Amino acid sequence: MARLDELLGPFDTLQYCPHGPDGGCDCRKPAPGMVKAACAELDVDPSRCVVVGDIGADVDAAAAAGAAGIMVPTPVTRKPEVDAAPHVAPTLTAAVDDVLGGTW
Ligand SMILES: [Zn+2]
């Protein structure tokens, strides 16, 4: 986590799921646990949060937590997941612009 924060941060919160897909935990996306934990750490209501991700599980986790989701597809994002996303932006910068501009 320190290395991640050093390379890409600083972050106000970092969440990760250490469990496998069969772990049955509440933190592995599309479960809402990581979104809820981040909101709790930041003391913000999920309804006031936006989760930006590149796979369907990201936006599904957002919805399960009560947050909004924006998909920014990458070359590995599957088309059906893009088609099912509530909002799609071409880049992270565009996603931020959409949020700040209220166009999402
Ligand atoms: Zn987990």
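The values are calculated or read from the model by the stated rules, or taken from the named source; none is laboratory data. Since we're looking at a predicted model, the values are computed, not measured. Positions of Cβ are backbone-derived with ideal geometry, glycine not excepted, and every protein chain shown enters the neighbour counts.
For residues that are of a type in the set (Gly, Ala, Ser) and more than 18 Å from Val59 (Cα to Cα), scanning just the range 5-40, find the one that is farthest from the ligand (Cβ to nearest atom). Please lay out each step first, then the result.
Quick first cut of the range 5-40, residues of a type in the set (Gly, Ala, Ser) only: 9, 20, 23-24, 31, 33, 37-38, 40.
Add one more test, that the residue is more than 18 Å from Val59 (Cα to Cα), and what stays is 9, 20, 23-24, 40.
Numbers: Gly9: 22, Gly20: 8, Gly23: 6, Gly24: 9, Ala40: 16 Å.
Looking at residues that are of a type in the set (Gly, Ala, Ser) and more than 18 Å from Val59 (Cα to Cα), I get Gly9.
Only one of these is touching a residue at least 40 places away in the same chain (Cβ under 8 Å) and β-branched (Val, Ile, Thr): Val82, Val72, Val88, Val99. Name it. Show your work before the answer.
Details: Val82 fails: touching a residue at least 40 places away in the same chain (Cβ under 8 Å); Val72 fails: touching a residue at least 40 places away in the same chain (Cβ under 8 Å); Val88 fails: touching a residue at least 40 places away in the same chain (Cβ under 8 Å).
Within the list Val82, Val72, Val88, Val99, the selection yields Val99.
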Item to check | When residues of the range 42-70 are limited to those that are among the β-branched types (Val, Ile, Thr) and within 17 Å of Phe11 (Cβ to Cβ), the one surrounded by the most Cβ atoms within 10 Å (Cβ to Cβ) | outcome: Val51
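Okay, residues lined up against (1) free of Cβ contacts under 8 Å to residues at least 12 places away in the same chain; (2) in contact with a Pro (Cβ under 7 Å, 6 or more places away or on another chain); (3) charged (D, E, K, R):
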| site | (1), (2), (3) |
| --- | --- |
| Asp5 | yes, no, yes |
| Asp12 | no, no, yes |
| His19 | yes, no, no |
| Gly24 | yes, no, no |
| Asp58 | no, no, yes |
| Ala65 | no, yes, no |
Next on the checklist: For the range 1-32, give me each residue that is in contact with a Gly (Cβ under 6 Å, 6 or more places away or on another chain) and of a type outside the set (Asp, Glu).
Outcome noted: Cys27
Checklist entry - So, in the range 41-51, of the ones that are within 21 Å of Val99 (Cα to Cα) and touching a residue at least 24 places away in the same chain (Cβ under 8 Å), which residue ends up farthest from the ligand (Cβ to nearest atom)? => result Val50
Item to check | Residues of the range 74-92 satisfying the condition of being farther than 23 Å from Gly102 by Cα and at pLDDT below 95 | outcome: Val76
